[in-house]
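Q: Dropping a structure here in structure tokens format, bear with me for questions.
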Amino acid sequence: MLAHTPRRYALTVTLLSVLAIFTAACAGNDPETAPTDGPTSSATDSTSEPTTEPTPTLDPGSWESKFSPAQLDAYETALQRWESYESRSEPIWAKGKATPAAEKLFKEYFPHPAWMDYWERLQGYEQINVRVSGTPTVYWSKAKSVTESGTGVQIQQCVDYTSVQRTQDGEEIARPTPEPQLRTIFLSQPENYDWLIYGVKELVDGKPKPCT
């Protein structure tokens, strides 16, 4: 049931401003649904384990040397999980309907209560007839950090959001900046679960950070 509260939906402009922050982050999570009362998330980085932070380098291909083969395998698996979510969630955001299938998908890819943020956002979009179609163009991806156990990964990507279209009542809104920008995706694999998405950071100090 949709929640009609001033906090969530009273001002259309509030939801439209959110569009500039959140991209087509929809529909990737499907039928391996994690239990509704599964892992919870209270912070963006889901693990307290020490992480291996690669030192900055001018050689874009050398970041792999900072990680063990097992850590690189964990990164590749986590990246595939994120790509699966983006691909499968895109039709949900493009349709803009808060259906039971959409709720199930969010529960599969996000821990509790993080999935509720996406679900409530979709409900808000449905009320004001907002659609978000397409997925960002990814120029490159790399591991920003990987826990020693390989159960926590931070993925950094350079993305172009001009391939994402946002509309309200069929009219284009909130056109993305053409400048590619960085985003960081936080994933963790709790025991007996598939990889879960604990957060996506797209802004630094409230603004997009250009790729370097």
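Q: Can you flag which of 66/107; 142/209; 66/104; 104/207 are past 25 Å Cα-Cα?
A: Details: 66/107 33 Å; 142/209 16 Å; 66/104 37 Å; 104/207 31 Å.
Correct reply: 66/107; 66/104; 104/207.
Q: Please give the contour-minus-distance gain from residue 137 to residue 120: 0.36 nm per residue of separation, less the Cα-Cα distance, rounded to one decimal in nm. Don't skip to the end; give the middle numbers.
A: Values: separation 17, 0.36 × 17 = 6.12 nm, distance 2.57 nm.
The span from residue 137 to residue 120 would gain 3.6 nm if fully extended.
Q: Moving on. What FRET efficiency comes out for residue 175 versus residue 80 if R0 is 25 angstrom and r is the Cβ-Cβ distance? Round to the nearest 0.05. Please report the intermediate quantities before stating the final value.
A: Values: r = 30 Å, r/R0 = 1.21.
Efficiency, rounded to the nearest 0.05: 0.25.
Q: With θ taken as phi - 60° and the coefficients 6.51, -1.76 and 1.60, list the Karplus ³J(HN,Hα) couplings across segment 164-174 in order, rounded to whole Hz; mark glycine and proline as x.
A: Result, rounded to whole Hz: 9, 10, 10, 10, 10, 6, x, 9, 5, 9, 6.
Q: Under the 0.36 nm per residue contour assumption, what length would be gained going from the current alpha-carbon distance of residue 203 and residue 191 to full extension?
A: Working: separation 12, 0.36 × 12 = 4.32 nm, distance 3.02 nm.
This chain segment gains 1.3 nm when fully extended.
Q: Compute the relative contact order of segment 100-212 as a whole-number percentage, counting only Cα pairs closer than 8 Å that sit 6 or more residues apart in sequence.
A: Details: 184 pairs, mean separation 25.1, N = 113.
Relative contact order of segment 100-212: 22 percent.
Q: In segment 64-210, if every C-alpha pair distance is counted and binned at 5 Å from zero, what percent goes to each bin?
A: Histogramming segment 64-210 at 5 Å steps yields 2, 9, 17, 20, 21, 17, 9, 4, 2, 0 percent.
Rule-based calculations on the coordinates, nothing more; no lab input. Keep in mind that this is a model prediction, so the values were computed, not measured. When we count neighbours, we look across all protein chains shown, and the Cβ atoms used for this are built from the backbone with ideal geometry, even at glycine.
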